[in-house]
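A.B. asks: Would you mind keeping the following structure in view while I ask a few things?
The values are calculated or read from the model by the stated rules, or taken from the named source; none is laboratory data. In this text the structure is predicted, and so the values were computed from the model without any measurement. Here the Cβ positions follow ideal geometry from the backbone for every residue, glycine too, while neighbour counts run over all protein chains shown.
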Amino acid sequence: MDNKFRLRPLAVLIASLVVSSAYAQDDAVKTDDISVFGQGQTRQVQNISKKDIEDAAPGTSPLKVLDKVPGVHFESSDTFGAYEWSTSISVRGFSANQLGYTLDDIPLGDLSYGNHNGLHISRAISSENLGRVQVSQGTGSIDTASTSNLGGTMQFYSTDPDEQFGVTASQMLGENSARRTYVRLDSGRLANGGKLYISAVDQNSDKWKGHGEQRNKQVNAKYVQFFGESKLSAFVNWSDRQEVDYQDLSKEMLGRLGYKWDNYYPDWNKAIQSSQNIWTSGETSVDDAYYAGSGIREDYLSGVTLDAKLSDNLRWKNTVYHHSNKGAGLWWTPYVLSPVSNTPSVRTTEYDIDRTGLLSSLTYTLGNHKLNGGLWYENDDFTQARRYYATTATDPRTPYEIPSGPFRTDWAFNYTEKTMQWYAQDTITVSPKLTVNAGFKSPKVDVTGTETTGADRPSGSITSKKSFLPQLSMVYKLDDSNELFAGVAQNMRAIYTQPFGTTRAGFAAIQGNLNPETSTTYEGGWRFQGNKLDGVVSLYHVDFKDRLLSIGSGAGIVGSPSVLANVGKVESNGMDLGLNWKFASSWSWFNSLSFNSTQYKDNYLDGVNVRNVSGKQVVGVPEQMFKTELAYDNGTWFARLGGDYTSKRYYTYSNDNSVDGRWLWNLGAGYRVKNVGFFKEVKAQVNINNLLNKEYFASMGTNGFSYSDPTGTGQTLQTGAPRQAFINVTGKF
């Protein structure tokens with residue numbers, strides 16, 4: 001179905017609500033003040049402000065901005081942190097797809113590259129339209145719409161339209177022909193009391209090595225209307241992105257081919273020669289370079305929320321949302337040659353998402369009790385296919401479009417994913433000093449996969465559910481400046497499409513025998529807040545059970561398939577420290593320090609081989625991190641110098657190979673002035689990423705992790721972007 005017809009019912013609903021609200025009162029829904037380290041919260045949370053996002057180079061993923069938060073580790077091979085194939089984020093030892101993500105409460109899935117039930121935050125909304133981000137490193141909020149958050153959650157919140165009419169326009173220029181144009185129109189208060197904004201982004205930059213472009217276009221629109229102390233909001237966001245990939249490397253390739261080695265694009269003849277084992281630049285294998293790879297995504301995300309005050313003690317909040325996506329990952333493969341021409345074919349993994357959901361919650365205040373309960377329901381139709389498209393000696397096809405006319409399809413699936421999660425909690429003000437939150441959630445996910453094309457591919461159903469996942473947390477106020485917090489929570493990560501990547505026999509062997517991954521998190525700590533000094537010290541312990549991994553089900557020589565299996569436990573222990581010192585009127589110094597030991601606790605059998613991993617550090621997880629940021633802002637001049645230390649990280653389960661620790665430094669500075677001519681404000685800003693031009697391995701596991709790589713030939717690493725500079729000018733009028 002065409003996307004414009006999918007959006008039409010939502011557009012009609014928005015229009016009718018706008019008309020019906022013509023005589024609404026001009027009162028705002030009140031919100032609580034937000035502190036950096038989450039003072040007053042029963043869980044450990046930290047907030048990133050709009051200013052934190054604005055001070056980064058325009059187009060920077062908010063995930064990269066979150067990297068300074070204690071316990072958060074982010075990597076990407078591009079300077080903006082938006083190139084999705086290489087995006088890697090972990091929190092206290094949990095990887096990206098074991099965390100939860102929402103935008104204005106709407107679920108964004110689990111950040112998987114080929115996401116089946118969501119989308120990357122960089123596509124969900126333009127970074128300029130984000131107001132704040134709340135990170136819960138440990139237990140996560142019980143009402144978060146996620147079935148992947150074994151660990152923490154990241155909740156993104158968009159800005160509302162401005163009260164006054166205005167236009168904001170900015171232009172960024174930088175190295176590698178980088179440019180980003182952003183324009184936003186705010187209506188101000190309309191005659192009916194509502195307000196609206198619409199914005200557009202056009203961004204393009206060359207890759208920092210090799211050839212090809214990273215292209216991104218976005219349109220965001222949001223409408224807000226108040227009814228006394230009730231609030232209606234509605235948005236429609238569109239994103240169109242094409243990314244030409246960087247080649248995955250190994251440590252051995254780095255030494256042999258150099259830091260800036262990449263794919264052949266746009267040299268098609270060289271790619272053809274490589275498929276014929278003819279190499280002239282130091283290659284020794286067809287896997288050293290391909291012609292190109294790319295990721296193509298088009299998304300529509302929309303939602304309507306009514307947060308209604310029904311009485312002095314009762315609020316009812318409802319959100320309906322819809323998300324559609326059409327995307328593909330392209331790879332020019334020398335392993336399947338095109339008919340007739342015998343040139344590398346274009347292999348695609350294609351997918352379509354069509355999901356609709358509802359969030360509903362009631363909050364009732366009764367004496368010293370704040371009772372809250374709700375549900376989340378989502379229906380997701382997801383299709384995925386592996387196809388091949390022919391090329392010719394003179395036409396390799398473009399990496400910026402999904403091809404048509406496949407000559408071969410290996411497999412194709414239709415999935416129906418139904419998610420239902422409900423929760424109940426009570427926040428009890430036991431005394432002026434003690435607040436306790438107690439509750440539970442009950443998730444259930446049913447996935448039905450139907451093979452439409454392919455030999456020996458399974459069809460069937462998988463269910464993940466837990467009837468009772470409790471949470472208990474508290475905060476005790478020692479005095480006006482100091483408080484203690486503690487909590488314990490159980491979480492589950494649902495099983496979705498992973499079990500269908502095997503044979504029918506393999507699927508039959510695991511169906512009914514798989515358990516979803518679960519975790520129990522314990523955390524506690526001390527927060528303090530003063531006129532000049534704010535900080536937090538947090539300790540945590542996590543028991544992670546039923547880890548899932550694709551392993552051999554028997555001896556490969558007899559044709560035993562690889563299957564998804566539970567392979568044991570993981571244990572995490574660690575400490576996070578955060579400190580923000582406002583040592584002068586215009587100066588502040590932020591520091592965070594993290595220690596983490598996340599280890600496998602059980603060996604497992606892979607086919608007929610015992611994998612000795614017990615006691616080994618989990619792949620991709622650094623044991624130490626230190627972040628520091630010195631900031632100056634006197635209202636006119638502003639600057640930030642940030643440093644990031646990450647210790648050694650292993651990329652094999654046996655810990656027999658790793659990448660070295662590294663320091664990275666970033667610098668940003670600018671000047672803003674108000675009321676210049678017809679401008680309300682003009683701001684000029686310069687950002688320099690990787691200030692000292694450090695060469696390092698950034699992302700790891702881009703092609704998965706292996707048990708062992710003693711010779712350093714595992715091709716699953718990506719190098720980080722070198723020093724890059726950008727200038728941006730913004731005008732508001």
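A.B. asks: Conditions: (1) charged (D, E, K, R); (2) surrounded by 21 or more Cβ atoms within 10 Å (Cβ to Cβ); (3) not in a strand (DSSP E or B). ASP380 meets all but one. Number of the miss?
C.D. replies: Here ASP380 meets the rest and fails (3).
A.B. asks: Just the residues that are aromatic (Phe, Trp, Tyr) and in contact (Cβ under 8 Å) with a residue 40 or more places away in the chain, please, taken from region 269-305.
C.D. replies: The answer is TYR290, TYR291, TYR300.
A.B. asks: Please list, ordered by first then second residue, the pairs with beta carbon atoms under 9 Å, 6 or more apart or interchain, first in region 174-188 and assigned to a strand (DSSP E or B), second surrounded by 21 or more Cβ atoms within 10 Å (Cβ to Cβ) and among the basic types (Lys, Arg).
C.D. replies: Close Cβ pairs satisfying both conditions: GLY174/ARG180; ASP186/LYS195.
A.B. asks: Could you run through region 335-352 and say how many residues are within 33 Å of the chain's Cα centre (by Cα), among the aliphatic types (A, V, I, L, M) and closer than 15 Å to ASP395 by Cα?
C.D. replies: Here is the first cut: in region 335-352, the ones within 33 Å of the chain's Cα centre (by Cα) are 335-336, 344-352.
Okay, now just the ones that are also among the aliphatic types (A, V, I, L, M), so 336, 346.
Cutting the leftovers down to closer than 15 Å to ASP395 by Cα gives us 346.
Final tally of qualifying residues: 1.
A.B. asks: Could you check region 594-639 and list, in sequence order, the residues that are under 28 Å from VAL567 (Cα atoms), in contact with a strand residue (DSSP E or B) (Cβ under 8 Å, 6 or more places away or on another chain) and among the acidic types (Asp, Glu)?
C.D. replies: Result: ASP606, GLU623.
A.B. asks: On the given criteria, is GLU451 closer than 30 Å to TYR496 by Cβ, out of contact with any Phe, Trp or Tyr (no Cβ under 7 Å at 6 or more places or on another chain) and not small (Gly, Ala, Ser)? Before the answer, list the steps.
C.D. replies: Numbers: closer than 30 Å to TYR496 by Cβ: yes; out of contact with any Phe, Trp or Tyr (no Cβ under 7 Å at 6 or more places or on another chain): no; not small (Gly, Ala, Ser): yes.
Judged against the criteria, GLU451 is not a match.
So that you can scan it fast, the table gives a plain yes or no per residue for (1) part of a loop (DSSP other than H, G, I, E, B); (2) in contact (Cβ under 8 Å) with a residue 12 or more places away in the chain; (3) more than 31 Å from the chain's Cα centre (by Cα); (4) more than 25 Å from GLN98 (Cα to Cα):
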residue: ASP456; (1), (2), (3), (4): yes, yes, yes, yes
residue: GLN471; (1), (2), (3), (4): no, yes, no, no
residue: VAL475; (1), (2), (3), (4): no, yes, no, yes
residue: ASN491; (1), (2), (3), (4): no, yes, no, no
residue: ALA505; (1), (2), (3), (4): no, yes, yes, yes
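A.B. asks: Here's something else I'd like to know. Return the residues of region 177-195 that are closer than 25 Å to GLY166 by Cα and buried (at least 19 other Cβ atoms within 10 Å of the Cβ); say none if nothing qualifies.
C.D. replies: So in region 177-195, the residues closer than 25 Å to GLY166 by Cα come out as 179-195.
Within region 177-195, ARG180, TYR182, ARG184, ASP186, GLY194, LYS195 meet the criteria.
A.B. asks: Only one of VAL236, VAL201 is closer than 22 Å to GLN724 by Cα, of a type in the set (Val, Ile, Thr), in contact (Cβ under 8 Å) with a residue 24 or more places away in the chain and not in a loop (DSSP other than H, G, I, E, B). Can you tell me which?
C.D. replies: Working: VAL236 fails: closer than 22 Å to GLN724 by Cα.
Answer to the selection: VAL201.
A.B. asks: From the set of residues in region 511-544 that are of a type in the set (Phe, Trp, Tyr) and in contact with a Lys or Arg (Cβ under 9 Å, 6 or more places away or on another chain), which is nearest to ASN591 (Cα to Cα)?
C.D. replies: The qualifying residue nearest to ASN591 (Cα to Cα) is TYR540.
A.B. asks: Another question, if that's okay. Restricted to region 122-165, and to residues that are among the hydroxyl-bearing types (Ser, Thr, Tyr) and in a helix (DSSP H, G or I), which residue is surrounded by the most Cβ atoms within 10 Å (Cβ to Cβ)?
C.D. replies: That would be SER127.
A.B. asks: Against the condition touching a residue at least 40 places away in the same chain (Cβ under 8 Å), under 26 Å from GLY704 (Cβ atoms), part of a strand (DSSP E or B) and within 26 Å of the chain's Cα centre (by Cα), how does SER550 come out, does it pass?
C.D. replies: Working: touching a residue at least 40 places away in the same chain (Cβ under 8 Å): yes; under 26 Å from GLY704 (Cβ atoms): yes; part of a strand (DSSP E or B): yes; within 26 Å of the chain's Cα centre (by Cα): yes.
Here the answer is yes, as SER550 does meet what is asked.
A.B. asks: If a residue counts only when it is surrounded by 16 or more Cβ atoms within 10 Å (Cβ to Cβ), which strands (runs of 3 or more DSSP E) contained entirely in region 575-658 have at least 2 such residues?
C.D. replies: 587-600, 604-606, 624-633, 637-646
A.B. asks: Please state which one of SER459, SER442, SER519 is among the small types (Gly, Ala, Ser), surrounded by fewer than 22 Cβ atoms within 10 Å (Cβ to Cβ) and at pLDDT 95 or above.
C.D. replies: Details: SER459 fails: at pLDDT 95 or above; SER519 fails: surrounded by fewer than 22 Cβ atoms within 10 Å (Cβ to Cβ).
Every option except SER442 fails the conditions.
A.B. asks: Let me confirm something: among LYS68, LYS64, which residue is free of Cβ contacts under 8 Å to residues at least 24 places away in the same chain and either more than 25 Å from VAL619 (Cβ to Cβ) or of a type in the set (Lys, Arg) (or both)?
C.D. replies: Answer to the selection: LYS64.
A.B. asks: Suppose we filter region 321-336 for residues that are surrounded by 18 or more Cβ atoms within 10 Å (Cβ to Cβ) and more than 23 Å from ARG297 (Cα to Cα); how many remain?
C.D. replies: Looking only at that region, the number is 1.
A.B. asks: Something else: Consider region 383-440. How many of its residues are part of a strand (DSSP E or B), hydroxyl-bearing (Ser, Thr, Tyr) and touching a residue at least 60 places away in the same chain (Cβ under 8 Å)?
C.D. replies: Looking only at that region, the number is 6.
A.B. asks: With the requirement that a residue be part of a strand (DSSP E or B), hydroxyl-bearing (Ser, Thr, Tyr) and more than 15 Å from VAL619 (Cα to Cα), what does region 679-733 give you?
C.D. replies: THR719, THR730
A.B. asks: Looking at region 481-491, is at least one residue crowded, with 17+ Cβ neighbours inside 10 Å, touching a strand residue (DSSP E or B) at 6+ places or on another chain (Cβ under 7 Å), at pLDDT 95 or above and over 30 Å from SER614 (Cβ atoms)?
C.D. replies: Yes, there is a match, as at least one residue in region 481-491 is crowded, with 17+ Cβ neighbours inside 10 Å, touching a strand residue (DSSP E or B) at 6+ places or on another chain (Cβ under 7 Å), at pLDDT 95 or above and over 30 Å from SER614 (Cβ atoms).
A.B. asks: Restricting attention to region 298-348, report how many residues are out of contact with any Phe, Trp or Tyr (no Cβ under 6 Å at 6 or more places or on another chain), more than 30 Å from ASN220 (Cα to Cα), in a strand (DSSP E or B) and of a type in the set (A, V, I, L, M).
C.D. replies: Matching residues across region 298-348 total 1.
A.B. asks: Can you tell me which of ASN216, ASN220, ASN204 is surrounded by 19 or more Cβ atoms within 10 Å (Cβ to Cβ) and out of contact with any Ser or Thr (no Cβ under 7 Å at 6 or more places or on another chain)? If you could, list the steps in order and put the result at the bottom.
C.D. replies: Numbers: ASN220 fails: out of contact with any Ser or Thr (no Cβ under 7 Å at 6 or more places or on another chain); ASN204 fails: surrounded by 19 or more Cβ atoms within 10 Å (Cβ to Cβ).
ASN216 is the lone residue from the list that is surrounded by 19 or more Cβ atoms within 10 Å (Cβ to Cβ) and out of contact with any Ser or Thr (no Cβ under 7 Å at 6 or more places or on another chain).
A.B. asks: Quick one: how many residues across region 278-289 are out of contact with any helix residue (DSSP H, G or I) (no Cβ under 7 Å at 6 or more places or on another chain) and either surrounded by 21 or more Cβ atoms within 10 Å (Cβ to Cβ) or of a type in the set (S, T, N, Q) (or both)? Quick ask: steps written out before the conclusion?
C.D. replies: Filtering region 278-289 down to residues out of contact with any helix residue (DSSP H, G or I) (no Cβ under 7 Å at 6 or more places or on another chain) leaves 278-281, 284-285, 287.
Then drop every residue that is not either surrounded by 21 or more Cβ atoms within 10 Å (Cβ to Cβ) or of a type in the set (S, T, N, Q) (or both), which leaves 280-281, 284-285.
Qualifying residue count for the region: 4.
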